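Single-structure report; data block below.
The values are calculated or read from the model by the stated rules, or taken from the named source; none is laboratory data. In this text, all values refer to a predicted model and were calculated from it rather than measured experimentally. A quick note on method: Cβ atoms are made from the backbone with ideal geometry, for glycine too, and the neighbour counts reach across all protein chains shown. Keep in mind that these areas ignore ligands, DNA and RNA; they rest on the heavy atoms of the full protein, side chains included. Shrake-Rupley method; radii C 1.70, N 1.55, O 1.52, S 1.80 Å.
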Amino acid sequence: KAKGAGRNTLMFFNPAMAEEMLERHEIEVELRGACDDGSLELYYQPIIDLKTQEVVSREALMRWRHPTRGMVPPGIFIPIAEQSGLIANMGDWAIQKACKDAASWEPGIGVSVNISPLQFREPRRIVETVKEALIASNLSSRQLTLEVTESLLIEDNKVTFAVIDELRALGVAFALDDFGTGYSSLAYLSTYPFAQVKIDQSFTRSVHSSEASKAIIEAVCQLARRLQMNVVVEGIETEQQRIAVQLLGAQRAQGFLFGKPEPLSQLAPRGGRHVA
Ligand code: C2E
Ligand code: MG
Ligand code: MG
Ligand code: MG
């Protein structure tokens, strides 16, 4: 890295950058097609109640089945969808599909859908999409949770909070995703009416090596209990991590230990892990 890069630094256009731009453009063009041709899919990952070990809900995670690139993860295509405006259509589709899928599950199992901050830029649209998806699917609004990140809250936009309130009035719950990354502020938890807070998987990964991670998980669990919110700890991969976060006060967890994201046709039943 060049020393003092930033101010007074010229960015030279090099072949690698040109290639990257071409690739982005190619992905954008293909993604536009994918919205219509059925190559977007929703996978579902279970969220577990740690006490009962049962599945309480499932998070919808978008996948793109690309003809030559294979399964493209959302980390690659969601940012491109956001920059190109495609996220609005893709986001509508995800809400509709997730409600429809969840309506076919065992009674009482919820579904969580990730919402891009950009979807709040069209406030009427997201409200209408959710209303229509609930009516069309016949899913109870109590079973739907929308996951948003702190980046939405720092904008501190009155319209955003009005949309959240309007959807909550319908019975839809909100979850604060990836808590502890970015601009985290404990104040967000008490100021805004979240039903759920999801502690980012970076804390889980370091739960055995970092006293700070332990302390943060424990503090967030305590605060959440006082505020009558539920906590989901993300990224549980090992039995040791499960035991650790449960001792720190977590009620719910999500991670490869309990189940990877799977297509609708392959979901494990509510009892969680299959016993051979
Ligand atoms: P997220 O909402 O925080 O989702 C959790 C991510 O962690 C998922 O990655 C999931 O596969 C992964 N994960 C779950 N358990 C484990 C584990 O035990 N270990 C590890 N290493 N990873 C685990 P995925 O599916 O690649 O999604 C990445 C992100 O893309 C999501 O993070 C979410 O922010 C975004 N995303 C996914 N689907 C959608 C969507 O439909 N709309 C929007 N706007 N964003 C989406
Ligand atoms: Mg999420
Ligand atoms: Mg998350
Ligand atoms: Mg994430």
**Asked** What nm value, rounded to one decimal, do you get for the distance between residue 13 and residue 270 when each label is placed 7 Å out toward the C-beta?
**Response** 5.9
**Request:** Would you look at the GNM of the chain, springs on alpha carbons closer than 10 Å, and say which of 143, 251, 228 moves the most?
**Result:** 228
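Once you order the gyration tensor axes a ≥ b ≥ c over the Cα atoms, which shape class does segment 80-181 get: rounded for a/c under 1.5, otherwise prolate or oblate by comparing a/b with b/c?
Prolate, since a/c reaches 1.5 and a/b exceeds b/c.
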**Asked** Rounded to the nearest 0.05, what FRET efficiency is calculated for residue 135 and residue 89 with R0 set to 25 Å and r the Cβ-Cβ distance?
**Response** 0.80
**Message:** Of all beta bridges DSSP finds with both residues in the chain, what is the antiparallel percent, to the nearest 5?
**Reply:** 40
**Complete:** The answer for the chain, accessible area per residue at 1.4 Å probe in Å², is 53
**Message:** For a quick check, take a GNM of the chain with Cα springs below 10 Å and name the residue from 22, 248, 61 with the largest mean-square fluctuation.
**Reply:** 22
**Message:** What value in Å³ per residue do you get for the convex hull of the alpha-carbon atoms in segment 166-276?
**Reply:** 135
**Asked** Out of 210, 171, 181, whose Cα points farthest toward the positive end of the dipole of the chain (charges: +1 Lys, Arg; -1 Asp, Glu; placed on Cβ)?
**Response** 210
**Fill in**
Helix-only [θ] at 222 nm, the chain, -39500 (n - 2.57) per DSSP H run of 4+, per residue, nearest 500, equals -13000 deg cm²/dmol
**Asked** Ignoring ligands, DNA and RNA, what percent of the 1.4 Å accessible area of the chain is carbon and sulfur?
**Response** 54
**Message:** If amide hydrogens are placed 1.01 Å from N in the peptide plane, which non-local residues have theirs closer than 5 Å to the one on residue 56?
**Reply:** 47, 48, 49
**Prompt:** So what are the ³J(HN,Hα) numbers for segment 185-191, from phi and the Karplus equation (6.51, -1.76, 1.60; θ = phi - 60°), rounded to whole Hz, Gly and Pro as x?
**Reply:** 9, 4, 4, 4, 5, 8, 7
**Complete:** Heads up, the chain by the C-alpha gyration tensor (a ≥ b ≥ c square roots of eigenvalues; a/c under 1.5 rounded, else a/b over b/c prolate, else oblate) looks rounded
**Request:** Mind jotting down the distance between the C-alpha centroids of segment 192-228 and segment 125-191, whole Å?
**Result:** 20
**Fill in**
In terms of the alpha carbon gyration tensor, root eigenvalues a ≥ b ≥ c, rounded if a/c is under 1.5 and otherwise prolate when a/b exceeds b/c or oblate, segment 86-140 is prolate
**Message:** For a quick check, take a GNM of the chain with Cα springs below 10 Å and name the residue from 193, 107, 117 with the largest mean-square fluctuation.
**Reply:** 107
**Message:** If I stretch the segment between residue 32 and residue 218 completely, what's the gain in nm (0.36 nm per residue apart, minus their alpha carbon distance), one decimal?
**Reply:** 62.6 nm
**Message:** Let me spell out the model: positive unit charges on the Cβ of Lys and Arg, negative unit charges on the Cβ of Asp and Glu, origin at the Cα centre of segment 200-260. What dipole size does that give, in debye rounded to 20?
**Reply:** 180
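What is the dipole size for the chain, taken about its Cα centre, with +1 at each Lys and Arg Cβ and -1 at each Asp and Glu Cβ, in debye to the nearest 20?
Details: 29 positive and 34 negative charges, 117 e Å.
The dipole of the chain has a size of about 560 debye.
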**Request:** Report the charge-dipole magnitude of segment 162-274 in Debye, nearest 20, computed about the Cα centre from +1 at each Lys and Arg Cβ and -1 at each Asp and Glu Cβ.
**Result:** 340
